[in-house]
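Engineer: Dumping the structure here so I can ask a few things about it.
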Amino acid sequence: MASPAPAPLKDAVGGLDRDGFVALLSKLIGESARLQNDPPIHRPQEDLVAEHVVDALRPVSTETGGGPLVVRKVSYAEGRSNVIVEYPGTVPGHVVSFVGMHMDVVPANPSEWDFDPFSLTFDSEDKDKLRGRGTTDCLGHVALVAQLMRRLGEVKPPLKHSVIAVFIANEENSSVTGIGVDGLVKDGLLDKLKTGPLFWIDTADKQPCIGTGGMIPWHLKATGKLFHSGLAHKAINSMEMNMEALKEIQKQFYTDFPPHEKEKLYKFATPSTMKPTKWSYPGGGLNQIPGECTISGDIRLTPFYSTSDVVEKLKGYVEDINERLETVLDTRGPVSKYVLPDENLRGRIEISFDGDVMNGVACNLESRGFKALCKATEEIVGHVEPYSITGSLPLIRELQDEGFDVQTAGYGLLKTYHAKNEYCLFSDMAQGFQVFVSIISQLEEAA
């Protein structure tokens, strides 16, 4: 007599268990003061989260013999682990992965919050609201995917696909490299993920995020001649020169990198932008014309342009300005000037860039991963509205360039991302759990 057919995966796995999710999330948020990533002031200890994840999964792991989960910690720096968890499938090369759930957080100042950022608390009027640093970004996702893997280990559904979760260190700061997902990729530990869709779980609002922006931090320094403000004809006003130089550079930037035709397809809210965000100068009195100053800012670049091309163009703009100071920059008033021939002095503009330049990502809209995510979102959330932003996500373009089919999603709230009084909604996380199960089910049916 034939064995009965296994229950559909959705029925076997069920929904997200609130008690288990909240219990794990409470432990994670309780560690968040020591997960803040802002060196040298704050150096996170992701091992604290990694141990909680491993403890939650150990009862259904091969380590104890209680289940099929293969759990591995990988560390490239003391106290800063990554965790790779695999639910083995039966068909080699059939893989679906959930990656990017990072175990560090951005800093929080308790004096600026309405509640303790470093413990999980509940809104007295809304039990759906779970509050604390990391609930949206990204400890909520750590707890969510850990619960998914635990449930697979408990139910043991027969799957053709291996389901792999990768919890990572060091997402919130790029001054230290090689200890998070970049280290795992370099060592080939994620190579098997290339044969199936990879879902990067670190965005928000329950919809597919199909595009992100590149980011280029820049510093524009002007050097003139400091002098008494009552003798302006003997000075080169670095502030005036820098403002005019930036105006010229922005004009050329927007000519060379205009709105791209693909931005409409990907639903970007804005095209590429270059703007100042910060002034600095050595200081002095109100009666001193400053001899130097620096304007800093960033470029947010849609992924259809190359950051390296932009950097080279900006260097060229500055070189041209320096060669043609007298003709290319407007002056301000009858004695404003950027060259003092009698003194053989010329003002000078310099541009420099921080090391953490990031490239944007345009997800593959034809991939089976994207189609599965859209179908699951429409099924569970009730509608699907893919979106793109020129905010930047580190690391995922590098994954795409390495050959991974990267799709991105998240179930926190964009309005609380990196914000004071951060929170998420349990109901959103519960829908995320169902989306993940739907994705796995779709891939199984198509295998």
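Engineer: Near the amide H of H260, under 5 Å away, which other amide H atoms are found, from residues 5 or more places off or on another chain, if H is placed in the peptide plane?
Structural biologist: For H260, whose amide H was placed from the backbone, the distant partners under 5 Å are S272.
Engineer: Can you classify the stretch 252-299 as rounded, prolate or oblate using the Cα gyration tensor, where a ≥ b ≥ c are the square roots of its eigenvalues, rounded means a/c under 1.5, and otherwise it's prolate if a/b beats b/c and oblate if not?
Structural biologist: prolate
Engineer: Which of these, E31, E343, E379, has the largest mean-square fluctuation under a Gaussian network model of the chain (Cα springs below 10 Å)?
Structural biologist: E343
Engineer: Between M103, M149, M239, which gets the highest mean-square fluctuation from a Gaussian network model of the chain, Cα cutoff 10 Å?
Structural biologist: M239
Engineer: Hey, another quick one. Run through the DSSP bridge list for the chain and note the antiparallel percent, rounded to the nearest 5.
Structural biologist: Here the share of antiparallel DSSP bridges comes out near 70 percent.
Engineer: For the chain, what is the relative contact order in percent, using Cα pairs closer than 8 Å and at least 6 residues apart in sequence? Mind showing how you got there, number by number?
Structural biologist: Numbers: 968 pairs, mean separation 97.8, N = 447.
Contact order relative to length: 22 percent.
Engineer: May I ask you to rank R133, R34, R300 by accessible area, largest first, using a 1.4 Å probe over the protein chains only?
Structural biologist: Ranked from most to least accessible, the order is R34, R300, R133.
Engineer: Can you compute the charge dipole magnitude of the chain about its Cα centre, using +1 on each Lys and Arg Cβ and -1 on each Asp and Glu Cβ, nothing else charged? Give it in debye, rounded to the nearest 20.
Structural biologist: Magnitude of the dipole: close to 200 debye.
Engineer: Rolling a 1.4 angstrom probe over the protein heavy atoms, how many square angstrom per residue are accessible across the stretch 342-447?
Structural biologist: Here the residues of the stretch 342-447 average 43 Å² of exposed surface.
Engineer: Going by the alpha-carbon gyration tensor, a ≥ b ≥ c the square roots of its eigenvalues, is the stretch 52-104 rounded (a/c under 1.5) or, if a/c is not under 1.5, prolate (a/b greater than b/c) versus oblate?
Structural biologist: Note, shape of the stretch 52-104 comes out oblate.
Engineer: Here is a follow-up. In degrees from 0 to 90, rounded to the nearest 10, what is the angle of the helix 307-323 Cα long axis to the longest principal axis of the chain?
Structural biologist: The two axes meet at around 10 degrees.
Engineer: Can you pull the accessible area of H233 for me, 1.4 Å probe, Å² to the nearest 10?
Structural biologist: Solvent-accessible area, nearest 10 Å²: 90 Å².
Engineer: Hey, what did the stretch 1-146 get for relative contact order, percent, Cα under 8 Å, at least 6 apart?
Structural biologist: 26 percent
Engineer: Something else: Can you give the accessible area of R348, probe radius 1.4 Å, in Å² rounded to 10?
Structural biologist: About 130 Å², rounded to the nearest 10.
Engineer: Ok, one more. Ranked from the most accessible area to the least, with a 1.4 Å probe and all protein chains present, what is the order of Y417, Y76?
Structural biologist: Largest accessible area first, the residues go Y76, Y417.
Engineer: May I ask for the angle, rounded to the nearest 10°, between helix 238-256 and the longest principal axis of the chain, with both axes built from Cα atoms and the value confined to 0 to 90°?
Structural biologist: 50 degrees
Engineer: Can you check how the C-alpha radius of gyration of the stretch 231-331 compares to 2.2 N^0.38 Å, as a plain ratio?
Structural biologist: That works out to 1.30 for the stretch 231-331.
Engineer: Something else now. Find the percent of Cα-Cα distances in the chain that exceed 33 Å, and round it to a whole number.
Structural biologist: Percent of Cα pairs beyond 33 Å in the chain: 44.
Engineer: Could you name the lysines whose alpha carbon sits less than 21 Å from that of K10, not counting residues in the same chain fewer than 8 places away?
Structural biologist: Here the lysines satisfying the reach criterion relative to K10 are K156, K160, K206, K371, K375.
Engineer: What is the magnitude of the charge dipole of the stretch 143-272 about its Cα centre, with +1 placed on the Cβ of each Lys and Arg, -1 on the Cβ of each Asp and Glu, and no other charges, expressed in debye to the nearest 20?
Structural biologist: Dipole about the Cα centre, nearest 20: 260 debye.
Engineer: Along the charge dipole of the chain, Cβ charges K/R +1 and D/E -1, which of A56, S162, I289 sits furthest on the positive end?
Structural biologist: I289
Engineer: Relative to the first principal axis of the alpha-carbon coordinates of the chain, what is the inclination of helix 47-57, with its axis defined by its Cα atoms, in degrees from 0 to 90 and to the nearest 10?
Structural biologist: It works out to around 20 degrees.
Engineer: A further question on this structure: Over the stretch 44-123, calculate the relative contact order: mean separation of alpha carbon pairs under 8 Å at least 6 apart, over the residue count, as a percent.
Structural biologist: It rounds to 23 percent for the stretch 44-123.
Engineer: Rounded to the nearest 10 Å², what accessible area does E240 have for a 1.4 Å probe in the complete protein model?
Structural biologist: 40 Å²
Engineer: As a quick test, which of the pairs K129/K267; K234/K275; K27/K127; K234/K315 have an alpha carbon distance above 22 angstrom in this structure? Present the calculation step by step, with values, prior to reporting the outcome.
Structural biologist: Details: K129/K267 29 Å; K234/K275 31 Å; K27/K127 18 Å; K234/K315 29 Å.
Correct reply: K129/K267; K234/K275; K234/K315.
Engineer: Here's something else I'd like to know. Using heavy-atom solvent-accessible surface (probe 1.4 Å) with all chains present, what is the largest-first order of D187, D342, D137, D128?
Structural biologist: D342, D187, D128, D137
Engineer: Same structure, new question: Rank V361, I179, S26 by how far each Cα sits towards the positive end of the charge dipole of the chain (+1 on Lys, Arg Cβ; -1 on Asp, Glu Cβ) and give me just the farthest.
Structural biologist: V361
Engineer: Using a Gaussian network model on the chain with a 10 Å cutoff between Cα atoms, which of G412, G355, G224 fluctuates the most?
Structural biologist: In the Gaussian network model the winner is G355.
The values are calculated or read from the model by the stated rules, or taken from the named source; none is laboratory data. Keep in mind it's a predicted model, so treat the numbers as computed, not measured. Note: ideal-geometry Cβ built from the backbone for every residue, glycine included; neighbour counts use all protein chains shown. Accessible surface is based on the protein model in full, side chains and every heavy atom, while ligands, DNA and RNA are left aside. Shrake-Rupley method; radii C 1.70, N 1.55, O 1.52, S 1.80 Å.
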